[in-house]
Amino acid sequence: MSTRSKLPSRQKLFVEKYIANGMNGSRAAIEAGYSVKTARITASKLLTKPNIKAEVSRRIREVLTDTEMMTLQWLKQVKGIAEYDMRKAAEWDENTLTLKPSNQLDDATAMAIQEVQYNSTDSGTTMKIKAYDKVRALEQLAKFLGVIGDGFTVDERSEEHAPNVEAMSPAQRRERIAELYRKLNGKVD
């Protein structure tokens, strides 16, 4: 049985609110239904309890792990689109176009293909392969890596897209975790 399930419901809510509010104990206590007058003291007492400390640590690891996994999945898909090479999906010459069977495509190539169309008419069949926007994928990768900022200037680094976690203060790290948690729950500022 996990630590979380052993916590009373108000303490569970406190942990959730604590993480969601950038580890602001007073605000978390108030949002979890504790008294506004004693919120700071209540939060301090709650955060000294071993089971609550363990749950906070577990939830932070979970949020970071989930976020990292989503980021890696997104990065893999965008990288596949950016590196898409039509020759991996089809062969052609001046007279013919032959699509490779979908079960012979590698994952990155298959993910980069947005649409395949066949149109049959009396005069023959036409085929069309449409890939996702490669230039947009390259721009997204460059932003993610901090190579370019929102203004698309190469010599400008964007801290927003490539934060230096080691240089962050504990308060900045807490705010980053809270921001990631909000994004995971679909609450974008």
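The values are calculated or read from the model by the stated rules, or taken from the named source; none is laboratory data. Remember, it's a predicted structure, so these values are computed and weren't measured experimentally. Backbone-built Cβ (ideal geometry, glycine too); neighbour counts: all protein chains shown.
When each of Gly146, Gly151 is tested for being exposed (fewer than 10 other Cβ atoms within 10 Å of the Cβ), modelled with pLDDT under 80 and over 25 Å from Met86 (Cα atoms), the lone residue that passes is Gly151. Answer yes if at least one residue in segment 29-41 is surrounded by fewer than 17 Cβ atoms within 10 Å (Cβ to Cβ) and assigned to a helix (DSSP H, G or I), and no otherwise. Within segment 29-41, one or more residues are surrounded by fewer than 17 Cβ atoms within 10 Å (Cβ to Cβ) and assigned to a helix (DSSP H, G or I). Of everything in segment 42-63 that is hydroxyl-bearing (Ser, Thr, Tyr) and in a helix (DSSP H, G or I), the residue that is nearest to Arg174 (Cα to Cα) is Ser57.
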